[in-house]
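Report on one structure; see the data block that follows.
The values are calculated or read from the model by the stated rules, or taken from the named source; none is laboratory data. The structure presented is a predicted model; accordingly, all values stated were derived computationally and were not measured. A quick note on method: Cβ atoms are made from the backbone with ideal geometry, for glycine too, and the neighbour counts reach across all protein chains shown. Remember, those area values only see protein heavy atoms, side chains included, never the ligands or the DNA or RNA. Shrake-Rupley method; radii C 1.70, N 1.55, O 1.52, S 1.80 Å.
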Amino acid sequence: MERLIEGYKRFVAEVFPAKRSQFHLLSEGQAPEWLFITCSDSRIVPDLVLGTGPGDLFIARNAGNVVPIASDDVDGVTATIEYAVQVLRVRHAILCGHSDCGAMKAALDRNNLVSLPKAQRWLCHVEAASSYRQPPNPADGDSAELGSLIRGNVVAQWLNLRAQPSVAQAQREGRLTVHAWYYDILSGRIEEYDEQKQRFAPLIG
Ligand SMILES: [Zn+2]
């Protein structure tokens, strides 16, 4: 824990004072523009990659960046989405998967999940990934097969996200855009899914 305590000391001594007025404003409410749904993986640091900070991203994270299919069941992800879209009225929702995703690897080889009953049930949500499997990308090297499946999962979860009642309604009203991203840990590259072309392409040229 020492490292965290040292980090917090630095926050109190340096970071917080430098941002005092920003935190003062934020103490009275939030108005994030983006809902960001990604994996729990420790290597995905949205604020670092996107240049965002306090008050910017409303974030939902879970193993495999899952959005359960719209149903009468309730869960933390869909409740978070509903709040972001209906109450905070975010303008964009971004579903972001990533390379070397442990959840997707486990889903590929379910033997790894024998002693993880909760994860096993949760990862049923990623089974649709194979239906949307993407063409192999040479940039993925040895991980091309896994990369194809991970991108397929991004598409599957993105479709689930768009089908959430609050999201579908906000899209109809023209106040929400829903994006599907793939983040490559090794290169830092982000790809966006192009619905028209049905393939991923770099987010920036
Ligand atoms: Zn992951």
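Once you list every other residue whose beta carbon is under 13 Å from the beta carbon of residue 155, what net charge do they have if Lys and Arg are +1 and Asp and Glu are -1? It would help to have the intermediate numbers written out before the result.
Numbers: positive: 133, 151, 162, 197, 199; negative: 191, 192, 194, 195.
Neighbour charge sum, excluding residue 155 itself: +1.
Projecting label points 7 angstrom from Cα along Cα→Cβ for residue 69 and residue 50 puts them 2.8 nm apart.
Assuming a ≥ b ≥ c are the square roots of the Cα gyration tensor eigenvalues, decide whether the range 1-60 counts as rounded (a/c under 1.5), prolate (otherwise, with a/b larger than b/c) or oblate. Don't skip to the answer; put the middle values down first.
Numbers: a/c = 2.35, a/b = 1.12, b/c = 2.09.
Oblate, since a/c reaches 1.5 and b/c is not below a/b.
Once both labels are positioned 7 Å from their Cα atoms along Cα-to-Cβ, the gap between residue 16 and residue 204 label points is 3.3 nm.
Place a +1 charge on the Cβ of each Lys and Arg in the chain and a -1 charge on the Cβ of each Asp and Glu, then give the dipole magnitude about the Cα centre in debye, rounded to the nearest 20.
Values: 21 positive and 24 negative charges, 39 e Å.
Computed about the Cα centre, the dipole is about 180 debye.
Each label point was placed 7 Å from the Cα along the Cα-to-Cβ direction; for residue 172 and residue 79 their separation is 2.6 nm.
Please say if the range 111-185 is rounded, prolate or oblate, where rounded means a/c under 1.5 for a ≥ b ≥ c the square roots of the C-alpha gyration tensor eigenvalues, and otherwise the choice is prolate for a/b larger than b/c and oblate otherwise? Can you show the working numbers first?
On the way: a/c = 2.87, a/b = 1.34, b/c = 2.14.
Verdict is oblate for the range 111-185.
Run the helix sum for the chain: -39,500 (n - 2.57) per DSSP H stretch of 4+ residues, divided by residue count, reported at 222 nm to the nearest 500 deg cm²/dmol. Intermediate results must be reported in sequence, preceding the final value.
On the way: 8 runs with 73 residues, N = 205.
Taking each H run of at least 4 residues, the total per residue is -10000 deg cm²/dmol.
Restricting to the chain, what percent of DSSP beta bridges are antiparallel, rounded to 5?
Details: 7 of 25 bridges.
Rounded to the nearest five, the antiparallel share is 30 percent.
Under 5 Å between amide hydrogens, built in the peptide plane, is the criterion, and for residue 98 it picks out 183 among residues at least 5 positions away or on other chains. Of all lysines in the structure, the ones whose alpha carbon falls short of 20 Å from that of residue 19, not counting any fewer than 8 places away in one chain, are 9.
Which whole-number percent gives the relative contact order of the chain, counting Cα pairs below 8 Å spaced six or more residues apart? Before the final figure, lay out the partial values.
Details: 303 pairs, mean separation 41.8, N = 205.
Relative contact order for the chain comes out at 20 percent.
A cut-off of 5 Å between modelled amide H atoms, ignoring neighbours fewer than 5 places along the same chain, links residue 203 with 190, 191, 192. Remark: the range 24-131 carries a charge dipole of roughly 240 debye about the Cα centre, counting +1 on each Lys and Arg Cβ and -1 on each Asp and Glu Cβ.
Computed from Cα positions, the angle between helix 144-163 and the longest principal axis of the chain comes to roughly 70 degrees. Summed over the residues of the chain and divided among them, the accessible surface reaches 58 Å² per residue at a probe radius of 1.4 Å. Dipole of the chain computed with +1 at Lys/Arg Cβ and -1 at Asp/Glu Cβ about the Cα centre; of 22, 146, 39, farthest Cα towards the positive end is 22. Using a Cα-Cα cut-off of under 25 Å, which lysines could be cross-linked to residue 118, ignoring same-chain neighbours fewer than 8 residues away? Result set, ordered by chain and number: 105. Tell me, what is the FRET efficiency for residue 111 and residue 9 to the nearest 0.05, using R0 = 45 angstrom and their Cβ-Cβ distance as r? Computed FRET efficiency for residue 111 and residue 9 comes out at 0.50.
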